[in-house]
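Since the structure comes first, as structure tokens, the remarks are kept for the end.
Where a number appears in this text, it was derived from the coordinates with a stated rule and is not lab data. None of these values were measured; they are calculated from a predicted model. Here Cβ is always computed from backbone atoms with ideal geometry, including for glycine, and neighbour counts include all displayed protein chains.
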Amino acid sequence: MLILAFDCSSPAGSVAVLEGPLVLARESLDPAQRSAKTLAPAIERSLRVAGREPREVQLIATTVGPGSFTGLRVGVTMAKTLAYALDCDLVGLNTLDVLAAQFSQAKVLGETGIIHAVLDAQRKELFAGRYQSSERAAEPPRRLDKGQTILTGDSWLESLQKGDVVTGSGLIRWKDQLPAD
């Protein structure tokens, strides 16, 4: 199945073309420019690098939040438009779930197997998800907290335990306060 996937939830968005689990092409969006300007050309380039035509796409996957309100609107609108034009399936994915799954697949896990995925929610707050990695490579990590979690940066930092790993653009603002272990 040919999948076109993209994420516009943060300034550093991305596009990927996959054949099942195999990544055929990927491109990061320029964070200095708006995703509305860079998304369509990045999709076109990624399909070309993959050697595929838009009509071959069978599934479009995009993140639906949390994240940048404007970026998410751009991504979801592009996904819906392409799915309609190409007559293919469409799926929306939680941004934090995607971050945790990518990190889990990279096999860079701490002692606890706990992954914290965080995005900047502004006002010194974070969108946060806490996940337990799976023993099986093909299985995504299991979310431990239910629903949408917005925490102050300080309360999130207090929730970290030795051996936990963290990922996501929310770290940029809080990196200097992270515990060394």
(request) Quote the charge dipole size of the chain about the Cα centre in Debye, to the nearest 20; the model charges only the Cβ of Lys and Arg (+1) and of Asp and Glu (-1). (result) 320 debye
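Can you put Val15, Val23, Val166 in order, fewest other beta carbons within 10 Å first? Walk me through the intermediate numbers first.
Details: Val15 26, Val23 13, Val166 21.
Going from sparsest to densest Cβ surroundings: Val23, Val166, Val15.
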(request) Please report, in debye to the nearest 20, how large the charge dipole of region 96-177 is about its Cα centre when each Lys and Arg carries +1 at its beta carbon and each Asp and Glu carries -1 there. (result) 100 debye
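Take the eigenvalues of the Cα gyration tensor for region 96-177, scale each by 5, and report the square roots as semi-axes in whole Å, largest first. Don't jump to the answer; show the numbers that get you there.
On the way: eigenvalues 86, 32, 24 Å².
They are 21, 13, 11 Å, listed largest first.
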(request) Tell me the label-point distance for the pair Ala40, Arg26, using the 7 Å Cα-to-Cβ offset, in nm and rounded to one decimal. (result) 2.6 nm
(request) List the longest stretch of the chain that has no exposed loop site; here a site is one of the GluC sites (Glu not before Pro) assigned by DSSP to anything other than H, G, I, E or B, with at most 15 other Cβ within 10 Å. (result) 1-110
(request) Please work out the C-alpha center-to-center distance from region 1-70 to region 142-159 and express it in whole Å. (result) 28 Å
(request) Compare Gly129, Gly20, Gly65 in a GNM of the chain, Cα atoms joined below 10 Å, and give the one with the largest fluctuation. (result) Gly20
(request) Tell me which residues come under 5 Å, amide H to amide H, from Ser68 once H is placed; ignore anything under 5 positions away on its chain. (result) Ser10
(message) Under the rule of at least 5 residues apart or a separate chain, name every residue whose amide H is placed under 5 Å from the amide H of Thr149.
(response) Ala128
(message) I need the per residue convex hull volume for region 29-181, using only the alpha carbons, in cubic angstrom as a whole number.
(response) 137 Å³
(request) Springs between alpha-carbon atoms under 10 Å, Gaussian network over the chain: tell me which of Ser46, Ser68, Ser159 tops the mean-square fluctuations. (result) Ser159
(request) Given the options Leu96, Leu157, Leu126, state which has the largest fluctuation in a GNM of the chain using a 10 Å cut-off (strictly under) for Cα springs. (result) Leu157
